[in-house]
Structure formats: C-alpha cells, structure tokens
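The values are calculated or read from the model by the stated rules, or taken from the named source; none is laboratory data. Computed from a prediction, not measured in an experiment: that's the story for all the values here. Here the Cβ is made from the backbone with ideal geometry for all residues, glycine too, and neighbour counts use every protein chain on show. Areas reflect the complete protein model, heavy atoms only, side chains present, ligands, DNA and RNA absent. Shrake-Rupley method; radii C 1.70, N 1.55, O 1.52, S 1.80 Å.
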Amino acid sequence: MSDSPERFAPGWPGIPPRWTSSAKTGVGSSLTLHSRVWFTISHGILDEVYYPRVDQACTRDLGLIVTDGSSYFSEEKRHCKFENLPIEPGIPVFELNNIARDGRYRIEKEILTDPYRNVVLQRIRFHPIVGKLSDYRIYALLAPHLANFGYGNTGWLGDYKGVPMLFAERAGTALALACSVPWRKRSVGFVGYSDGWQDLSQNFQLTSDYTRAENGNIALTGEIDLAAGNGEFVLALGFGGIWAEAGQQALSTLLEDYSRICELYVRDWKNWQEKLLKLDEPQRECDLYRASMAVLRTHESKDFLGGTIASLSIPWGFNKGDEDLGGYHLVWPRDLVEAGSGFLAGGAPVDALRVLRYLEATQEADGHWAQNMWLDGRPYWSGLQMDKTAFPVLLVDLLRRLVPQALGPTERWWPMVRKAAGFIVRNGPVTQQDRWEEDGGYSPFTLAVEVAALLAAADIADLVHQSDTATYLRDTADNWNDNIERWTYATNTLLAKQIGVEGYYVRIAPLEIDAAASPLQGFVPIKNRAPEASVQEASHVISPDSLALVRFGLRAPDDPRVLNTIKVIDALLCVKLPQGPCWYRYNGDGYGEHEDGSAFDGTGIGRPWPLLAGERAHYELAAGRPATAEVLLRVMEWSTWDSRLIPEQVWDARDIPELELFIGKPTGSACPLVWAHAEYIKLRRSLREGRIFDQPPQTVHRYQVEKRTCTYFAWRYNNKPRSIPCGKILRLDLPSRAMVHWSFDGWKTTQDSDTRDTGLGIHSVDLPTEKLRVGEDVTFTLYWPESNRWDGTDFVVRIE
C-alpha cells in the first residue's frame, strides 16, 4: 500500500486549519444517486468537496502550482485572473480559464463529477504563453479536511493496483488523488511546516519526498508529468470509506472515456432542465433562472432525499477552523421550505414533494422543527423559531392548491399538519428567535407566517372532517391577527416624527414585562455588536421583515400602516448600489465584515442582502408596480459575478481590491445562498403571472375581503395580557385540563368554569367579559384536577 521505508513528515500537527473562501463561483454534482460527491469552485480551483453527504466537507481545496524549477513560483488561486462559466445555463459543468497575471501561462479546466462513482474530475490543459512546455513544472496541491475537520487527517503516498496515488483518511472517510499521466514526484506534509507549498515557494521544486503525515493538518503534493500528455491531463479525486475504496473509485473513473462520462452527466441535467417551466423566455441579459434551479437541486442530499442544505459554503471560511463544524451546510427548515416552493415555482413538483417528505420525517415529536439540523435530523443549534414550524404547513397548502394530484390524499399529511399547528397554538404567538436566528418576542414576519399557517391548517382540518379543530385554529389566527399592531406597531415616537409618519412596524418587540405597559416599550438585544451597542429600544429597530404582512396576505399593500413603515424602511435601511437599491436586515445589524473589510468574527457591520431586494420586488408587484419589481429583479441578477450565484450579502462601501471587496458584489458571507435563489425563481414566476406566487389565499380573503375580526382576546402563560379591549371575551388557553375560578367583583361573588379540549394540546375556556365596562377587572385562579392542586396565583386582567 505504501512505499518503504516510511519517511515521516516533520512539523506535527501543522498550523491551525482554516476553511477557504465562501464566495463560490460554481457548485455541482451529478443528478444520479450513485455519485455521492458535491464540488465547489472559487478563485479558479476546486474548493470544498463533500462526501458522502452534502453536509460533510472533505477537502479545503485542490489547486495547481506552477514553477520553472529554479526561480519562478506561481499559485493559480493567488496569481491568476479567472473566468468561470457553466458549459450551458443550468448545467453545472464548469469551464475555467485561469490566466497568470504576469502573462506567462494559461490553465484551462473542465470540472464535473462521475455520474456513477464518488469521483470529482478535472480535465486540465496547461498552455505556456511565454516559453515552451518544457520550461514549466506543475504541481497539484490538495488539502484534505475529511469529515468536516482539518485536524486529525492522516496522509500518505501509495498505490492502488500498481497505480501511484496520494491518499488521506480520517474517521472512516478516505480520499485518493490519481492522475491520467504519471506523477514525477510526490510528497505529504504538515501545513505550514513540511507541506509542498512551503517547499515549492522556497525551492521552486519538490525537494522533499515525505511518505506519511499522521493525525494533523496535512497537505498532499504531486508533480504532474506535463510532457506525457503534451500539457493535458485529468485529475480524479475519489472517495470511499477506506483508502482502497477511494483508490478503486478514482482508478475506475480514469479508465473510462472522459467524454462519455461528461456526456452522461450533461444528459441527466439537460433532461431535468427541459421539464421545467420556461420562465427564462425571453431570456434576460443576466438571466439566473436556470442557474438558480440547478443551485437548488445541487444542494439536495442523495441519502436523505429532499433534504437540502442552506449553502455549500462556510461564511468567512478563510477565518474559521474546526470549531465551525456546520458552516451553512446544514438544513434550515425555513430555507428548505423556500427551496421546496422554489422547485414548485419552476415547475418541479416532484422535487418539491421530496422536500415535504423530508420535512415530514424530521418533524420533532412535539410538532416543531429544529432551528437547523444535520441531514439525519439531529439538531445542531438549539434555538426555537416559530416560523420554521409554520412554513412546512404552508408548503403542504401550496402543493394542495397547485398540484393536488402530486400531493395525494390530504389525510396523508394531516398528522404532520396537526402536530405543527398544535405546536404553534401552544407556543405562539411569540417566538424564541426571529428569522435571523437572533431575538425573541413579537416579530411581524413570524406572526404573518404563523397566522397564514393556522388558516391553511384549518382548511386542511375541514377536509379531514375536523371541524372543531378548524374553528379553533381560525379563532386563534383571528386573535393574533387582531393584535399585530398592538404588539408591533409603534406610534408617536421620535423616529416617526423625524420621518414624518404616524407610526411603523418594528423589527421585533420583546415579551411584555411588568415594567412596560406595551412590548413596544421594551428593549431588544442587538447581536454581533460590541457590548456598548448591543441593546436598543424596540421602537427604534426597523426591518423589512414587516413586508411579510403583505407577502402572506394579512395586510393590503396600500394599508396606511404599511406605507408608513416603507417610508421608515427606505429612510434607514435602503442603500443605492451600482445595480440599484438594496436593503439591510435592520438598523444596527452586526452580521458582516468590519468597517475595514476584515472578516466577521462575532462582531461586524451588516451588509445589504440581495434576497431582500427580491422580497421588496414581491411587495412592489402586489402594489401594482411590476416595472419597479423588474428593476429589483435586476438588482438580484447583478449582485453576482459571472458565475450566476447569488450571495447572502454584497459589499456597500468603497472597493478594497486586496480583500476582494467591490461595491455591489459578494462579500465573504455565504455564496450561493439557496434561499436567495429560491426567492429569485419565485419572483420570475410571480412576474410572469402578475401576482405573488406563494401568497396564501386564505389570509387575503379573510382579512382583506371579509375583514374578519375576533370577538375574544386570548390569555396564555407565555402571553399574559394585563388588559384587554372593552367588548372582548377573555379566552384562557391552558396547557392541560383545568377548572377556572373567577370573579368580576374582587371575589365577592365567584363562578367556576371547566376548560374544553381543543385536540391540539390546548385546553380552552371563555369568560364572559364582553359586557364589562372600561376600568373593571376580571380576577381568576386555576385548579389543576389531574394533579389535584391550585395554581396559587390570582391573575387580574383589566378592561381598557
């Protein structure tokens, strides 16, 4: 298996490992289930390769170094200009053209995966521009980061069935690098001490030939025999559970005809693309539709069908090491639903249904979904976001309305919907975290998704003959909808006076506390900021999130409160970029590079999100301004490089070329962002149809057409109002069966009322407070018969 005697590399364990740039210019994988590898590209080279799952990175990068053997050193990822385009829109075979900045050489590459093996292929042509082929030496430099770790890798030189290769393994995962032409020399070492880069940068040729480096941050280096292929060769990076499997995969692929492998890979992608809706006709100047559909599909698992990760990238990866296991290669249920609805918008209902089936299987026993998770369903972070429980219900409803034949019998999905709806009514309307993974309280965005999901669940309950449950769900939705302004609309503030409006929706309002008469008088912690800037008054923090009230149909686009909020949003959060206007997540956001362009390190300055231009475009379309929506579509399109990949954030300050930060172009944040590509696809569909594609009809009909209001006001342990509007019935929503002992006259007279079981884990009772006058109180306490105890607290609610 290995050369003898062993020559162990010095410098254990190597410098601390780091990942690489998150600004990808290409991502790809075969559509077959046989090939369980995914690749990423940036700076003209292969970056992270994922195997055997799309949530498990196995390499940092694989690039080439060019020398003359005596005095010249050039690393393509640092010293070249790059061109990178797919061979056809939406077909993730990438043609790279790397030209040395000093004009001495050009490297052409074609990158794809073997559709039937766990192998990433690169067909490479080296062209000398100055001098002749024999003047140059070329080396492959590979940094294994197997099973999501840079440390703990072991590498060695060996062969498979007599074919020389470079191997590495860690934790039951192995890789093998093979070449179609002979290796002239090989070496393995510890990064920063004995790796090939150190040797070549100092000596311009491999002077070391270490055969083994164990349990560290390692790099594999091989000199390629340029003369043997007249400057052309194929690199095969194979993977397996052990070294022999990885070697067998790599060799098997090299023995096949490369052109045939490419033909099969491209055929499968073309067949899939041809079945999609032709939303790209007529094609735009910078059309992202086909690329966006390919991005969604490329991020899907092949073991856990439908499981789609948020991004094949690690934000600011060049500044992160083994401590960041997940990066963005995890499943975020909200992003997953966005991908599912993106599939549906592009005419791929079968793909959307796979997403729904994955969600069904990963729902927690109590009905919610994890904040994010590995593909097998294990939670990664432990936060609770109510919108992530509501979104899957909306996906069921969207499929039910648009492609009922694909969804099948509604009864099939009722258990999932019932559990999710039950969790929402038991734990809402407040959320532990908003959609930005940060603050808890009353979020306009979360409230909009919750209310829409409850109404969708009610329709499904009716279809399965659960009319009492449907009634309770609609009552709860109506109650929460009635209180959105009470919880999140600030009036008569200094900011409102400065902008010249009566009020506006805030980003989020904290839970009511004794010191505050309203959630709007509370304070919001601002994440990712220095301690002295980490707390703000809730009424001073604004976000485009409130546009979800229109997107999900709860408010009309011309509602005066919405129009007021847009004035504030545009005054505080809009930035003019070369491609047009874009928006920040909220004022004071700290998730982004520092002012000097240095990487986000737990603090920073939030930058504009192209995704938010797409959301604003949907609002403009709803408001009857399709031309403005088209302008914002263009903002999304031109926030990319030639790769057609939409980033999470774009740079908004002066260019810093040495940090690769250019105004209006990707930052070091995640790229591509699946969520952004799904939003782009849905916007193309919405513009085609002249309406918001994923807007639920239930909310529009109930609150904009019928203008329904609620006759009761809810009290629950996680949302205990101290006062309710005059004329409302007080409804107590309790976690288990109870008897309510209550009085309207300070316990002079009392009555008892038993709760009723809603079938959703809530036991409810209505107190007849609708005839009480302003200033009067209802007092109550609770008896829990199942544990034979009194609550021990007198609760008081005043009529306002």
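Every residue in the stretch 73-91 that is assigned to a loop (DSSP other than H, G, I, E, B) and either modelled with pLDDT of 95 or more or open to solvent by less than 10 Å² (accessible area, probe 1.4 Å) (or both), please. Let's see the steps before the verdict.
We begin by selecting, within the stretch 73-91, every residue assigned to a loop (DSSP other than H, G, I, E, B); these are 89-90.
Hit for the stretch 73-91 is G90, nothing else.
With respect to R297, is the statement that it is closer than 30 Å to R607 by Cβ, assigned to a helix (DSSP H, G or I) and open to solvent by 10 Å² or more (accessible area, probe 1.4 Å) true? Taking the combined requirement at face value, the residue satisfies it.
Which members of the stretch 36-51 meet the condition of being more than 21 Å from K109 (Cα to Cα) and either crowded, with 24+ Cβ neighbours inside 10 Å or modelled with pLDDT under 95 (or both)?
Result: Y51, single match.
Give the number of residues within the stretch 710-731 that are over 15 Å from L772 (Cβ atoms) and either open to solvent by less than 70 Å² (accessible area, probe 1.4 Å) or at pLDDT 95 or above (or both). Give the steps one after another, and end with the answer.
The first filter runs over the stretch 710-731 and keeps only residues over 15 Å from L772 (Cβ atoms), leaving 710, 714, 716-720.
Add one more test, that the residue is either open to solvent by less than 70 Å² (accessible area, probe 1.4 Å) or at pLDDT 95 or above (or both), and what stays is 710, 714, 716, 718-719.
Matching residues across the stretch 710-731 total 5.
Among the numbered conditions (1) modelled with pLDDT of 95 or more; (2) open to solvent by 10 Å² or more (accessible area, probe 1.4 Å); (3) at negative phi, the only one that S30 does not meet is (2).
Of the candidates Q704, Q698, the single residue that is crowded, with 19+ Cβ neighbours inside 10 Å, within 30 Å of G347 (Cβ to Cβ) and not β-branched (V, I, T) is Q698. Listed here are the strands (runs of 3 or more DSSP E) enclosed by the stretch 1-72 that have at least 3 residues being among the β-branched types (V, I, T) and farther than 21 Å from G247 by Cβ: 59-67.
Is it true that some residue in the stretch 622-634 is within 22 Å of the chain's Cα centre (by Cα) and surrounded by fewer than 20 Cβ atoms within 10 Å (Cβ to Cβ)? Within the stretch 622-634, one or more residues are within 22 Å of the chain's Cα centre (by Cα) and surrounded by fewer than 20 Cβ atoms within 10 Å (Cβ to Cβ).
Among the residues of the stretch 182-193 satisfying the criterion of being open to solvent by less than 50 Å² (accessible area, probe 1.4 Å) and assigned to a strand (DSSP E or B), which is nearest to P17 (Cα to Cα)?
Just the residues of the stretch 182-193 that are open to solvent by less than 50 Å² (accessible area, probe 1.4 Å), to begin with: 183, 186-192.
In the following step, the residues that additionally are assigned to a strand (DSSP E or B) were identified as 183, 186-190.
Values: W183: 27, R186: 22, S187: 19, V188: 16, G189: 13, F190: 10 Å.
Residue satisfying both the conditions and the ranking: F190.
Could you pull out the residue among V765, V797, V774, V778 that is free of Cβ contacts under 8 Å to residues at least 40 places away in the same chain and either touching a Phe, Trp or Tyr at 6+ places or on another chain (Cβ under 7 Å) or hydrophobic (A, V, I, L, M, F, W, C) (or both)?
V765
Across the stretch 1-27, which residue is surrounded by the most Cβ atoms within 10 Å (Cβ to Cβ) among those that are among the small types (G, A, S) and in contact with a strand residue (DSSP E or B) (Cβ under 8 Å, 6 or more places away or on another chain)? Among them, the one singled out is S22. Assigned to a helix (DSSP H, G or I) and either touching a residue at least 24 places away in the same chain (Cβ under 8 Å) or not aromatic (F, W, Y) (or both): is that true of T221 in this structure? Spelling it out, it is not the case that T221 is assigned to a helix (DSSP H, G or I) and either touching a residue at least 24 places away in the same chain (Cβ under 8 Å) or not aromatic (F, W, Y) (or both). For W381, indicate whether it is open to solvent by less than 20 Å² (accessible area, probe 1.4 Å) and under 30 Å from P144 (Cβ atoms). When the stated conditions are applied, W381 does not pass them.
If you scan the stretch 407-462, which residues turn out to be among the basic types (K, R) and in contact with a Phe, Trp or Tyr (Cβ under 6 Å, 6 or more places away or on another chain)?
Keep residues of the stretch 407-462 that are among the basic types (K, R), which gives 412, 418-419, 426, 435.
Residue satisfying the conditions is R435 alone.
Checking each residue in the stretch 732-752 for being exposed (fewer than 15 other Cβ atoms within 10 Å of the Cβ), farther than 13 Å from F795 by Cα and small (G, A, S) picks out only S736. Evaluate the stretch 394-403: report whether one residue or more is free of Cβ contacts under 8 Å to residues at least 40 places away in the same chain and touching a helix residue (DSSP H, G or I) at 6+ places or on another chain (Cβ under 9 Å). No, the stretch 394-403 contains no residue that is free of Cβ contacts under 8 Å to residues at least 40 places away in the same chain and touching a helix residue (DSSP H, G or I) at 6+ places or on another chain (Cβ under 9 Å).
Looking at R267, is it open to solvent by 30 Å² or more (accessible area, probe 1.4 Å), over 23 Å from V66 (Cα atoms) and in contact with an Asp or Glu (Cβ under 9 Å, 6 or more places away or on another chain)? Criteria not met by R267. Residue selection: G367 satisfies the criterion of being in contact with a helix residue (DSSP H, G or I) (Cβ under 8 Å, 6 or more places away or on another chain) and assigned to a loop (DSSP other than H, G, I, E, B).
Restricting attention to the stretch 727-785, which residues are of a type in the set (D, E, K, R), within 30 Å of V417 (Cα to Cα) and in a loop (DSSP other than H, G, I, E, B)? Hits for the stretch 727-785 are K728, R737. Say whether the condition of being among the basic types (K, R), surrounded by 15 or more Cβ atoms within 10 Å (Cβ to Cβ) and under 28 Å from T20 (Cα atoms) is met by at least one residue in the stretch 575-585. Scanning the stretch 575-585 turns up at least one residue that is among the basic types (K, R), surrounded by 15 or more Cβ atoms within 10 Å (Cβ to Cβ) and under 28 Å from T20 (Cα atoms).
Condition first: under 26 Å from G321 (Cβ atoms) and free of Cβ contacts under 8 Å to residues at least 40 places away in the same chain. Can you find one or more residues in the stretch 54-72 that meet it?
no
Restricting to the stretch 784-797, name every residue that is surrounded by fewer than 16 Cβ atoms within 10 Å (Cβ to Cβ) and either touching a Lys or Arg at 6+ places or on another chain (Cβ under 7 Å) or over 17 Å from R426 (Cβ atoms) (or both).
As a first pass, look at the stretch 784-797 and keep what is surrounded by fewer than 16 Cβ atoms within 10 Å (Cβ to Cβ): 784-794, 796.
Listed by number, the residues that qualify are P785, E786, S787, N788, R789, W790, D791, G792, T793, D794, V796.
Of the residues making up the stretch 480-509, those that are over 31 Å from the mean Cα position of the chain (by Cα) and open to solvent by less than 10 Å² (accessible area, probe 1.4 Å) are A496, G503.
Identification of strands (runs of 3 or more DSSP E) wholly contained in the stretch 92-181 with 1 or more residues that are more than 28 Å from the chain's Cα centre (by Cα) and surrounded by fewer than 22 Cβ atoms within 10 Å (Cβ to Cβ) yields 105-113, 119-128, 137-144, 153-160, 163-170.
For the stretch 230-287, filtering for residues that are among the small types (G, A, S), part of a loop (DSSP other than H, G, I, E, B) and farther than 25 Å from R53 by Cβ leaves 1.
Got at least one residue in the stretch 753-766 being under 22 Å from D475 (Cβ atoms), over 46 Å from the mean Cα position of the chain (by Cα) and open to solvent by less than 30 Å² (accessible area, probe 1.4 Å)?
Yes, because at least one residue in the stretch 753-766 is under 22 Å from D475 (Cβ atoms), over 46 Å from the mean Cα position of the chain (by Cα) and open to solvent by less than 30 Å² (accessible area, probe 1.4 Å).
In this structure, G326 does not satisfy being assigned to a loop (DSSP other than H, G, I, E, B), open to solvent by 10 Å² or more (accessible area, probe 1.4 Å) and farther than 30 Å from H763 by Cα.
Looking across S518, S467, S534, one residue alone is open to solvent by 10 Å² or more (accessible area, probe 1.4 Å), closer than 27 Å to P415 by Cα and among the small types (G, A, S). It is S467. Among the residues of the stretch 364-378, those that are open to solvent by 20 Å² or more (accessible area, probe 1.4 Å) and more than 14 Å from the chain's Cα centre (by Cα) comprise E364, A365, D366, H368, D376, R378.
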